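All remarks here apply to the structure that follows.
The values are calculated or read from the model by the stated rules, or taken from the named source; none is laboratory data. Keep in mind it's a predicted model, so treat the numbers as computed, not measured. Using ideal geometry, Cβ is built from the backbone for each residue, glycine included, and neighbour counts are taken over all protein chains shown. Only protein heavy atoms, including side chains, enter the accessible area calculation; ligands, DNA and RNA are left aside. Shrake-Rupley method; radii C 1.70, N 1.55, O 1.52, S 1.80 Å.
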Amino acid sequence: MDNVALIESFGDFKEEKGISKIDLMAIIEDSLKTLLRKRYDSDDHFDVIVNPDKGDFQIFLNKTIVEDEMSEDDELEIEISEAKKIDATFEIGEEYTVEIPITQLGRRSILTLKQILSSKLQEYHNSVLYEQFSDRIGEIVMGEVHHIRKQHMILLDDDGNEFILPRENQIHSDYFKKGESIRAVVESVDFKSSKPQIIVSRTSPKFLEKLLELEIPEIQDGTIILKKVVRIPGEKAKIAVDAYDDRIDPVGACVGVKGSRIHGVVRELKNENIDVIQWTKNPEILIRRALGNVTINKIDLNPEEKYALVYTPVEEISKVIGKQGQNIRLASSLTEFEIDVYREKTEDDDVELNEFKDEIEPWIIEEFKKVGLETAKSVLDKDTHDLLKIVDLEEETIVEVKQILKEEFEE
């Protein structure tokens, strides 16, 4: 196999990986030098010339001319008598350069060279892939489900690049079959066992940001600014938006007529409930907007400690807190204030037991509700011994519950 034929034998690999001719030649030169170092412990006596225009390469061996019968290495040295047969002007100590055909290195060396080339071509591809996707962190990619495993899914894009979608980066209601296309955002790119590992996510706030950019042109062109995005994947999200132009309604532009613009994003996120609010530098107004359409009588702010105490009527508490505390948790993340709620009430006010789920175990509340006791006062109005007769609870538990309820109505 001559030099040209050897290069041509890697043509398919070159085309498959999209490697330029110049880069391929550089890899061949590096591979040849690696082979020479493996065989001769050094490439100091060799010159490797690669010609990308001809698609060819040459190996030259620079032999040292030594005295007759003083040669210690026939491959790297030549005796003066032999050198003068080639050129009578040669002197001891000079170098005699001869071209080495690849076949002269032997069949085993050619096989080794192919292995080295394949390895370096793969290293090149891995390096290019790493650079490519490192620059795309935070961008949306699309891949087809190739493998579904217990802890993650493997996706392949149209170029055959592999993405890993871990279980924790999937929305809890995500259900995909092999062959389906999935959109996700590139979260990180790291080397694992010398191969780039591209991790993607559907739960990252960045995924929601990028989906909004795709659906809402004003966000993409910068007319509307996404100030903050927080979410509980698959459940609820809150986004704060602003506009450079006061004449633009950023909330209306994002939501669209009857939610037309944001509907595609909601569908992609498995019906995740998205609240869109207008950003403001005023923390009190921002907290009110972040908590949504609820009655708030007063807010005590502590800007230094980033703490806010919200006063709201009893009947509004469930709205402020939201399902499983989602509303108040997201409002806290959006505003960067720790938000607590104070229940404002009158003498005649009563509080449903469900409002105490953060202090009393839900199953205990259910025991009271089974016998028709659904409010705090309905429990407090009954004697502890009477309660023992009608609910399946220990006396100690009933006493603890009554103490919690009593504190609610104390001054």
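Checking the conditions here, which among GLU400, GLU407 is open to solvent by 80 Å² or more (accessible area, probe 1.4 Å), at pLDDT 90 or above and among the charged types (D, E, K, R)?
GLU400
How about the range 357-411: which of its residues are over 23 Å from ILE317 (Cα atoms) and of a type in the set (Ser, Thr, Tyr)?
Of everything in the range 357-411, those that are over 23 Å from ILE317 (Cα atoms) and of a type in the set (Ser, Thr, Tyr) turn out to be THR384, THR397.
Mind checking which pairs have a first residue in the range 139-153 that is farther than 13 Å from GLY179 by Cβ and a second that is at pLDDT 90 or above and among the polar types (S, T, N, Q), Cβ under 6 Å, 6 or more apart or different chains?
Every condition considered, the pairs that remain are MET142/SER181.
Hey, could you check the range 43-69 for residues that are open to solvent by 90 Å² or more (accessible area, probe 1.4 Å) and at pLDDT below 75 and say which is farthest from the chain's Cα centre (by Cα)?
Once the filter is applied, the top-ranked residue is LYS54.
Exactly one of (1) closer than 25 Å to ALA237 by Cβ; (2) out of contact with any Lys or Arg (no Cβ under 7 Å at 6 or more places or on another chain); (3) part of a loop (DSSP other than H, G, I, E, B) is unmet by GLY372. Its number?
(1)
Name the single residue that is most open to solvent (accessible area, probe 1.4 Å) among those in the range 153-181 being under 30 Å from LYS120 (Cβ atoms) and either among the aromatic types (Phe, Trp, Tyr) or out of contact with any Phe, Trp or Tyr (no Cβ under 9 Å at 6 or more places or on another chain) (or both).
ASP158
Need the failing condition index for ASN126 against (1) touching a Ser or Thr at 6+ places or on another chain (Cβ under 9 Å); (2) on the phi > 0 side of the Ramachandran plot, just the number.
All conditions are met except number (2).
ILE7 passes all but one of (1) at pLDDT 80 or above; (2) more than 30 Å from GLY93 (Cβ to Cβ); (3) open to solvent by less than 30 Å² (accessible area, probe 1.4 Å); which number fails?
(1)
Working only within the range 324-371, note down all residues that are basic (Lys, Arg), at pLDDT below 90 and within 39 Å of the chain's Cα centre (by Cα).
LYS357
Where in the range 74-181 are there strands (runs of 3 or more DSSP E), lying fully within it, with 2 or more residues that are in contact with a strand residue (DSSP E or B) (Cβ under 8 Å, 6 or more places away or on another chain) and farther than 30 Å from ASN271 by Cβ?
Of the strands (runs of 3 or more DSSP E) lying wholly inside the range 74-181, those with at least 2 residues that are in contact with a strand residue (DSSP E or B) (Cβ under 8 Å, 6 or more places away or on another chain) and farther than 30 Å from ASN271 by Cβ span 77-79, 95-99.
Return the total of residues in the range 182-202 being open to solvent by 50 Å² or more (accessible area, probe 1.4 Å), free of Cβ contacts under 8 Å to residues at least 40 places away in the same chain and touching a strand residue (DSSP E or B) at 6+ places or on another chain (Cβ under 6 Å).
2
When only residues in the range 203-225 that are touching a residue at least 40 places away in the same chain (Cβ under 8 Å) and not hydrophobic (A, V, I, L, M, F, W, C) count, which is surrounded by the most Cβ atoms within 10 Å (Cβ to Cβ)?
Step by step, filter the range 203-225, then rank; the result is LYS210.
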